[in-house]
1. Collect residues whose amide H, placed 1.01 Å from N in the peptide plane, falls under 5 Å from the amide H of residue 278; neighbours closer than 5 in sequence don't count.
2. Looking at the chain, I'd like the Rg to Rh ratio, where Rg is from alpha-carbon atoms and Rh is Kirkwood's inverse mean 1/r.
3. Using +1 at the Cβ of each Lys and Arg and -1 at the Cβ of each Asp and Glu in the stretch 213-276, identify which of 269, 256, 241 lies farthest towards the dipole's positive end.
4. Enumerate the amide H contacts of residue 384 below 5 Å, restricted to partners 5 or more residues apart or on another chain; note that Pro and chain-start residues carry no placed amide H.
5. On average, how much accessible surface per residue is there in the chain, in Å², for a 1.4 Å probe, leaving out ligands, DNA and RNA?
6. Near residue 273, which lysines are there with a Cα under 20 Å away, not counting those fewer than 8 places off in the same chain?
7. May I ask for the net charge around residue 446, where only other residues with Cβ less than 12 Å from the Cβ of residue 446 are counted and Lys, Arg are +1 while Asp, Glu are -1?
8. So what J values fall out for the stretch 181-193 if you push phi through Karplus, 6.51 cos²θ - 1.76 cosθ + 1.60 with θ = phi - 60°, rounded to Hz, Gly and Pro as x?
Amino acid sequence: MRRQREATLGKRVAIIGAGVSGLASIRSCLEEGLEPTCFEKSDDIGGLWKFLDHAEEGRASIYQSVFTNSSKEMMCFPDFPYPDDFPNFMHNRKLQEYIVLFARKKNLLRYIKFKTLVCSVRKHSNFSTTGQWVITSEEDGKQESAIFDAVMVCSGHHVYPNLPKESFPGLKLFKGKYFHSRDYKEPGTFKGKRVLVIGLGNSGCDIATEISRTAEKVIISSRSGSWVMSRVWDDGYPWDMLFITRFETFLKNTLPTAISDWWYMKQMNSRFKHENYGLMPLNGTLRKEPVFNDELPACILCGTVSIKPNVKEFTETSAIFEDGTMFKAIDCVIFATGYSYAYPFLDESIIKSRKNEVTLFKGIFPPLLEKSTMAVIGLVQSLGAAIPTTDLQARWAVQVIKGTCTLPSVEDMMRDIDEKMGKKLKWFGKSETIQTDYITYMDELANFIGAKPNILWLFLTDPKLALEVFFGPCCPYQFRLVGPGKWPGARDAILTQWDRTLKPMTTRVVGGPRKPSLFFHCLKLLAIPVLFIAILLVLI
């Protein structure tokens, strides 16, 4: 054991990007005795969450009013809760404050080379035996190359905008202004304008509702519709603390498909009937990532935003939709059409090893490399938050790089990729190939490193904690209860998570804060499928 520790000590790991994925990777390397060097193109950490008043080439970009869609107890680093007084859903500025606090507390900044661009990542000539990589970087116009024992790619997937001009006949004739949503920053310039937003995702809905307060007319064009959820869920609690639970996942995965689909659609329609608002997805049973917007239904009710189908074609001043209707005298078109995955510093065949699709084992490891010394962190997406996901990905990746965990054979990895892709297509649809089920995925990763909580054992040894772990929110702290990186404060953090949730809300005291009753909430969840089964039995 001592020899193995000496052999791994000092392994040099290159980390590309200093957003939350990069910070998680630096910390994981340090926890396991590896030597990280993080290359960051900009002059600060935070990645996507570092707001700038202009979009920069090669960097993620957000608009000024962005708030988180995950609540603070569900999106923290698993051993670093947010301060008690932080709001549950944070403005990007507040989240950036937390990211800086974390980096300073864990002493991560010293391992980051700022204003340094990674130009290329290529295999060393002896890669097949050493697994080493040659990193060429540029700082102040000067390039230099260095050899690293492993690479962790943490540059995100919100960098390269997807603007499918070829899908919109007549766009070249359009005389108004058009641009991708990554270039949107604030609503002031749209006062009195007629604006078409293409895309019914989070960015498209945020931008449309924001500019509708002063614009003359705003229309959202959607190809396939979306479920729209509110951050405020049952009884006013944060949506994810009631929705993302092990008990919910257990029911979803064990109930018959017909009942699970019916129940899912009922949950999605609990706030309002989507078909009445023109929002209903074409395939409502798909678990495609929903949109989080608290204003959109009200905007539709008030007539400040309208929903239309896909654009059939553009004219010089108008858009003709597939239903034959027309939006005339358009001043601006905003394409909220997502992003493409690209790693310009890397040979594409490493990540996209077949059919031009991203092919990664568990969304992390390129399966065809002779040595498992490259990991992509933060490329998957789910209903769960990015920070705990990247933390767990990085912990496992570092164990593989260090040699304490080994990957299956290439054949087994490719078989797993095929099986997972089949399930993803069934659950999420063709356009969501990097989406995954949060709890199932997290448990899978945690199992590799011995960090998955044993629920049955907890019920025998610590029933109070077990109830919170199984029926309560599947919070990040659960993945630091056991295993490498175990955090002594994890149990207390789980048992006090509702205290931190309620504290910033109770600024006017009108009685004691009321935590949700797990027992009654679970009874309510069970009642719906049980009632449905009873009705089916009667009809049969």
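The values are calculated or read from the model by the stated rules, or taken from the named source; none is laboratory data. Only a predicted model underlies this, so the values are computations on that prediction, with no experimental measurement involved. Here Cβ is always computed from backbone atoms with ideal geometry, including for glycine, and neighbour counts include all displayed protein chains. For accessibility, only protein heavy atoms count, side chains too; no ligands or nucleic acids. Shrake-Rupley method; radii C 1.70, N 1.55, O 1.52, S 1.80 Å.
1. Distant-sequence amide H within range of residue 278: zero hits.
2. Details: Rg = 24.0 Å, Rh = 24.9 Å.
Rounded to two decimals, Rg over Rh is 0.97.
3. In the stretch 213-276, that residue is 269.
4. 438
5. Details: 24710 Å² over 540 residues.
Normalised by residue count, the accessible surface of the chain is 46 Å².
6. 288, 308
7. On the way: positive: 362, 395, 452, 480, 486; negative: 391, 443, 444.
Net of charged neighbours comes to +2.
8. My calculation for the stretch 181-193 gives 4, 5, 8, 7, 10, 7, x, x, 6, 9, 4, x, 8 Hz in order.
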